[in-house]
Amino acid sequence: MSSTPFRSPESDPRSAASVGKSVKIVGQIFTKEDLYVDGDVEGTIESLENKVTVGPNGRVQASIRAREVIILGQVQGNVETSDKVDIRKDAKLVGDITTSRISIEDGALFKGSIDIKKAEPKVAAPAPSPAVARPAEPYTAAASGAAGAVTAAGGKR
């Protein structure tokens, strides 16, 4: 049996921006990368295209908006995700949740409401519509209506 503590890959702080155990932030956090919070945050956290993980020592009094939120510590505030909220075994969340998917493990504490919304389909750039093809009309000098059209013999009419 290994004495190395098990750490799940999705909560690995080395692959994300992180707020350490002894750090306290009061204000707003906007990030375009995954965020791992193991300290104190008061205010708002926004990472709309990425994941926010509140570590086991994390204490968050903030609204969180992200693609995915994983909670192992304590959160007091509303959580809104476009994909999933995952509340782990010893976590505590007091606030309302708006999400497409949710997972609450046995032993987790949750107090609030849950609003499950349909997953937003990935919006791809619309493909350019092909030009409407019309059947080609045969070219004749008479059909062109051009003045001074040339006859088959090469002379003018």
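For first residues located in the range 51-67 and closer than 9 Å to residue 38 by Cα, partners that are assigned to a loop (DSSP other than H, G, I, E, B) and among the hydrophobic types (A, V, I, L, M, F, W, C) and lie 6+ apart or on another chain with Cβ distances below 8 Å form the pairs 53/16; 53/72; 54/72; 54/91; 55/72; 56/72; 58/72.
You will find that of 71, 45, the residue that is crowded, with 22+ Cβ neighbours inside 10 Å and within 12 Å of residue 93 (Cβ to Cβ) is 71 and no other.
In the set (1) touching a residue at least 40 places away in the same chain (Cβ under 8 Å); (2) surrounded by fewer than 16 Cβ atoms within 10 Å (Cβ to Cβ), the condition left unmet by residue 83 is number (1). Using the structure shown, decide if residue 53 is of a type in the set (Ser, Thr, Tyr), in contact with a Lys or Arg (Cβ under 7 Å, 6 or more places away or on another chain) and either surrounded by 17 or more Cβ atoms within 10 Å (Cβ to Cβ) or modelled with pLDDT of 95 or more (or both). No; evaluated as a whole, the condition is false for this residue.
Within the range 86-96, the set of residues being buried (at least 22 other Cβ atoms within 10 Å of the Cβ) and assigned to a strand (DSSP E or B) comprises 86, 87, 93.
The lone criterion from (1) modelled with pLDDT under 60; (2) buried (at least 17 other Cβ atoms within 10 Å of the Cβ) left unmet by residue 62 is number (1).
The values are calculated or read from the model by the stated rules, or taken from the named source; none is laboratory data. What you are looking at is a predicted structure, and each value in this text was computed from that prediction instead of being measured. For neighbour counting, all protein chains shown are included, and Cβ atoms are generated from backbone atoms with ideal geometry for every residue, glycine included.
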